[in-house]
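A.B. asks: Okay, handing you the structure first.
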Amino acid sequence: MREVARLLSTARNVSVLSGAGISVESGLPTFRGAEGLWRNVRAEDLATPEAFERDPSLVWDWYRMRRERMGAVAPNPAHLTLARLEPRFEAFSVVTQNIDGLHQKAGSRRVIELHGNIWRVRCFTHPAHRFSEAETRALEAGAQAEKVPHCPCGGAMRPDVVWFGEPLDPETLEAAIYAVRAATVLLVVGTSAVVYPAAALPGTAREAGAVVVEINPQETPLSGEAHIVLRGPAGAVLPELERLMDGRAT
Ligand code: BJW
């Protein structure tokens, strides 16, 4: 822990790769594992374009349920610590696989959302028909009775997230690769590191010379590759790192 605090104290460019585990202490479930969202549903029944084509209202029910949960929670000490740390560095970015928007709610400014955002929709038929969060709210307010919301063009709307088998937005992925390649320290927080291409980013950072630090209570496929592993919940580890950087160890 002290070594990571020391590295952060002198680093100019820091990146974070976050996953579902960072939002656990806000009350949101992860995907994998005993309590995970995939414990009794198959990902391919809900998080693929084929699932949406087969049964759009089933997929929408699942995302509405998750929106309700996500809308009811607040950023936890892990999100808040990252937001406080950001202005200390010349460059700092959070590359997140999460769609919950909690990093932005916590105050992080440079957030790269690899897998989209649950609060936006886009057209399933015409992928170029994309809507901002504000436009999504307005569209949905006008179509509250619809089980599957529709685009002004008539196509079915879908959540603006990345499902299995779909490419990530190329500019977003490029920005993420750029951020981790430029970083001298990459903190990998709360991800099982099994979903690609996100799972390749720590290797990209390492090859470019970054020190890769994993923060996770469980072992992952990344654990053997990371330079330093901090075993523990992000909501405890990150505030403790901040205290150590300030010379205020508990
Ligand atoms: C704590 C904690 C605490 C608990 N503190 N930690 C190369 C090799 C093999 C396969 C592939 C490959 N390249 C592509 C693939 C296929 C596929 C893939 O990776 N499959 C693997 C599973 C095998 N990838 C794709 O399909 C991607 N697309 C793609 O590659 O396209 C290529 C293409 C090109 C051109 C044309 C067409 C295609 C897309 C992947 C999209 C993933 N989408 C999801 C759903 C998003 C929307 C939604 O949320 O509904 O993203 S799946 C799901 O997994 C979600 C997550 O972002 C993602 C990662 O999960 P995450 O965040 O790591 O969560 P968990 O649950 O796995 O782990 C939580 C961790 O937290 C655990 O380790 C805990 O221990 C820890 N934890 N409490 C800190 N308090």
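A.B. asks: If you take the beta carbon distance between THR125 and TYR196 as r and set R0 to 30 Å, what does 1/(1 + (r/R0)^6) give as a FRET efficiency, to the nearest 0.05?
C.D. replies: Details: r = 27 Å, r/R0 = 0.91.
Computed FRET efficiency for THR125 and TYR196: 0.65.
A.B. asks: Separate question: Relative contact order for the range 36-127: what percent, with Cα pairs under 8 Å and sequence separation of 6 or more? Present the calculation step by step, with values, prior to reporting the outcome.
C.D. replies: Working: 76 pairs, mean separation 19.4, N = 92.
Relative contact order, the range 36-127: 21 percent.
A.B. asks: Using a 10 Å cut-off around each Cβ, can you sort TYR196, TYR63, TYR178 from fewest to most neighbouring Cβ atoms? Working shown, then result.
C.D. replies: On the way: TYR196 9, TYR63 18, TYR178 14.
In order of increasing Cβ crowding within 10 Å: TYR196, TYR178, TYR63.
A.B. asks: Hey, another quick one. Would you work out which of VAL111, SER132, LEU8 lies farthest towards the positive end of the dipole of the chain? Charges go on Cβ: Lys and Arg +1, Asp and Glu -1.
C.D. replies: My answer, from the dipole projection, is LEU8.
A.B. asks: On to the next question. Report D for the range 91-186 in µm² per second (integer): Stokes-Einstein, Kirkwood Rh on Cα pairs, 10 °C, 1.306 mPa s. Mind showing how you got there, number by number?
C.D. replies: Working: Rh = 14.7 Å.
Translational diffusion coefficient: 108 µm²/s.
A.B. asks: Another question, then. Give me VAL212, VAL195, VAL188 ranked fewest to most by other Cβ atoms within 10 Å of their Cβ, as a rough exposure proxy.
C.D. replies: Working: VAL212 23, VAL195 17, VAL188 29.
Lowest count first: VAL195, VAL212, VAL188.
A.B. asks: If I model a spin label at ARG231 and THR10 as a point 7 Å from the Cα along the Cα→Cβ vector, what separation in nanometres do I get?
C.D. replies: Reported label-point gap for ARG231 and THR10 is 2.8 nm.
A.B. asks: Compute, for the range 57-109, the length of the dipole vector about the Cα centre, with Cβ point charges of +1 (Lys, Arg) and -1 (Asp, Glu) only. Units Debye, rounded to 20. Let's see the in-between values first.
C.D. replies: On the way: 8 positive and 5 negative charges, 21 e Å.
Dipole size: approximately 100 debye.
A.B. asks: Here is a follow-up. Taking K and R as +1 and D and E as -1, what net charge do the other residues with C-beta under 13 Å from the C-beta of ALA200 add up to?
C.D. replies: 0
A.B. asks: Quick one: grab the alpha carbon gyration tensor of the range 46-114, order the square roots of its eigenvalues as a ≥ b ≥ c, and give me rounded if a/c is under 1.5, else prolate or oblate depending on whether a/b is larger than b/c. Show your work: numbers first, answer last.
C.D. replies: Values: a/c = 5.05, a/b = 2.17, b/c = 2.32.
Oblate.
A.B. asks: Count charges around PRO49 for me, please; just the other residues with Cβ under 9 Å from its Cβ, Lys/Arg as +1, Asp/Glu as -1. Can you show the working numbers first?
C.D. replies: Working: positive: ARG158; negative: GLU50, GLU53, GLU166.
Residues close to PRO49 contribute a combined charge of -2.
A.B. asks: Separate question: Between GLU44, GLU35, GLU225, where does the largest GNM mean-square fluctuation fall for the chain, given springs only between Cα atoms within less than 10 Å?
C.D. replies: GLU35
A.B. asks: Oh, and also: Over the C-alpha atoms of the range 115-250, what are the Rg and the largest Cα-to-Cα span, Dmax, in Å?
C.D. replies: My reading of the Cα-based Rg and Dmax gives 19.6, 59 Å.
A.B. asks: Among ILE99, ILE215, ILE177, which one shows the highest mean-square fluctuation when the chain is modelled as a Gaussian network with alpha-carbon springs under 10 Å?
C.D. replies: Most flexible of the set in this elastic network: ILE177.
A.B. asks: Related question: Semi-axes of the chain's equivalent ellipsoid from the Cα gyration tensor, sqrt of 5 times each eigenvalue, largest first, rounded to whole Å?
C.D. replies: On the way: eigenvalues 221, 62, 61 Å².
Its equivalent ellipsoid spans semi-axes of 33, 18, 17 Å.
A.B. asks: Under 8 Å for C-alpha pairs, at least 6 residues apart: give me the relative contact order for the range 166-250, rounded to a whole percent.
C.D. replies: Numbers: 103 pairs, mean separation 19.9, N = 85.
Taking the mean separation of contacting Cα pairs over the length of the range 166-250, I get 23 percent.
A.B. asks: Now a separate question. What does a probe at ALA143 reach in the range 63-81, counting residues whose amide N is under 16 Å from the point 7 Å along Cα→Cβ?
C.D. replies: Once the point is set 7 Å along Cα→Cβ of ALA143, 63-64 turn out to lie under 16 Å by backbone N, inside the range 63-81.
A.B. asks: Sticking with this one: Let me check I've understood the local charge: for PHE124, count other residues with C-beta under 10 angstrom from its C-beta, Lys and Arg +1, Asp and Glu -1. What total comes out?
C.D. replies: On the way: positive: ARG122, ARG158; negative: GLU53.
Once all neighbours under 10 Å are counted, the net charge is +1.
A.B. asks: Right, next: Between Rg and the Kirkwood Rh of the range 1-119, both from Cα atoms, what is the Rg to Rh ratio?
C.D. replies: Numbers: Rg = 16.5 Å, Rh = 15.8 Å.
Expressed as Rg/Rh, it is 1.04.
A.B. asks: Placing +1 at every Lys and Arg Cβ and -1 at every Asp and Glu Cβ, with all other atoms neutral, what dipole size does the chain have around its Cα centre, in debye to the nearest 20? It would help to have the intermediate numbers written out before the result.
C.D. replies: Values: 27 positive and 30 negative charges, 122 e Å.
That gives the chain a dipole magnitude of about 580 debye.
FYI, it's all coordinate maths here, none of it is from the lab. Fair warning: this is a prediction, and the values are worked out from it, not measured in the lab. Here Cβ is always computed from backbone atoms with ideal geometry, including for glycine, and neighbour counts include all displayed protein chains.
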